[in-house]
Amino acid sequence: VLCRGQQPLDLYNLPRFLPTNTNFTYKVGQVAVLECSIENLEDKKVVWRLASDSPPISVGYMSFSEDPRYSVEHDNGGTKWNLVIRDVQLKDSGVYECQVSSRMRHLRHHVTLMVI
């Protein structure tokens with residue numbers, strides 16, 4: 001696709017999710033790690049949220065949650081952007097969304113957390 005005044009669209013360099021686990025089970029009190037791995041991220045931000053259109057838990061490294069148990073684990077220069085929940089509780093069970101927004105599309109990767 002080439003439009004006047006724009007760079008050609010390189011479909012091979014768009015962000016994309018790499019295969020990771022999508023179902024996690026943890027016991028109350030454990031440290032939960034929800035996996036999200038993205039290549040070709042470039043300058044785009046990774047957003048973690050509960051999948052029900054809730055406010056973001058984090059954008060990039062920045063936490064937007066008042067709950068200090070949440071943090072983001074990233075391998076510097078790598079593809080992993082994992083959501084870490086310390087002292088996981090039953091109320092944390094649910095579907096979480098790892099999201100990347102670009103001018104072409106919004107990418108979403110859903111991860112289910114079950115706490116027992």
Most fluctuating of Lys27, Lys44, Lys91 in the GNM of the chain (C-alpha, under 10 Å) is Lys91
Listed by chain and number, the aspartates and glutamates with an alpha carbon less than 12 angstrom from that of Lys80, same-chain partners under 8 positions apart left out, are Glu35, Glu39
For Lys91, counting only lysines whose alpha-carbon sits under 16 Å away and dropping same-chain residues fewer than eight positions off, the answer is Lys27
Within the chain, the percent of DSSP beta bridges that are antiparallel, given to the nearest 5, stands at 90 percent
By the Cα gyration tensor axes a ≥ b ≥ c (a/c under 1.5 gives rounded; else a/b larger than b/c gives prolate, otherwise oblate), the shape of the chain is prolate
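Throughout, read-outs are computed from the coordinates displayed, never taken from laboratory work. Here the structure is a predicted model, which means the values were calculated and not measured.
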